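Taking it in order: structure first as structure tokens, then the write-up.
Read-outs: derived from the displayed coordinates by stated rules, not from any lab. Everything numeric here is computed off the predicted structure, so don't read it as measured data. Virtual Cβ from ideal backbone geometry, glycine too; neighbours counted across all protein chains shown.
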């Protein structure tokens, strides 16, 4: 099985929120040809070494991550360790000096087969190396649920963080897929697509010019 997760690093200034707590977002954005993904490292129960591949687009602004083992399951006879899977991703990005970016929202797409009494969670936490602040996107499922899904979730606007001003920004993404049950006889499966066995997450970012 393969699970796909796409990280869109696009100059989407128009998608940036106008919450005054963010201090405003400039209409300026960098030349996308100068935004490059240098490297990706990863590890976790949902993406053990050797289980993840990625494809970087020709314009170097989008990377698609391909997972072989990112699925959570719960039910009679299923080990407790299968109820929660996680993946720690480190994306090394180079971009022009004078700009910075932040994650504002995410789309979750996949397949859920969850009985009544089971709750599922898809969550990603984003932060930049050298910073303690974090922001997250999350979507919850409450059984019974059975079928394909496409969900959109906004990051908490009061905790949106920005990459360092300059030309380097190590984006860290800690994601998890989790199932919990109030009924020991119930079962559930989360993130495998009914047709092509894929899990898709698109992360949207916005840019602003650094303040002097």
>> Along the Cα→Cβ direction, 7 angstrom out, place labels at residue 38 and residue 149. What is the inter-label distance in nm?
In response: 3.7
>> What does the extension gain come out to for residue 211 and residue 140, with contour length at 0.36 nm per residue minus their alpha carbon separation?
In response: 21.9 nm
> What are the semi-axes of the equivalent ellipsoid of segment 45-189, taken as the square roots of 5 times the eigenvalues of the Cα gyration tensor, listed largest first and rounded to whole Å?
Replying inline: 32, 17, 13
>> Could you work out the pair-distance distribution P(r) of segment 95-149 from its alpha-carbon pairs, with 5 angstrom bin width and percents rounded to whole numbers?
In response: 4, 14, 20, 16, 13, 10, 8, 7, 4, 2, 0
>> At 0.36 nm per residue, and after removing the present C-alpha to C-alpha distance, how many nm does the segment from residue 132 to residue 45 gain when stretched out fully?
In response: 28.9 nm
> To the nearest 0.05, what FRET efficiency results for residue 184 and residue 90 with a Förster distance of 25 Å applied to their C-beta separation?
Replying inline: 0.10
> How many nm separate the modelled label positions at residue 168 and residue 53, each set 7 Å beyond the Cα in the direction of the Cβ?
Replying inline: 3.1
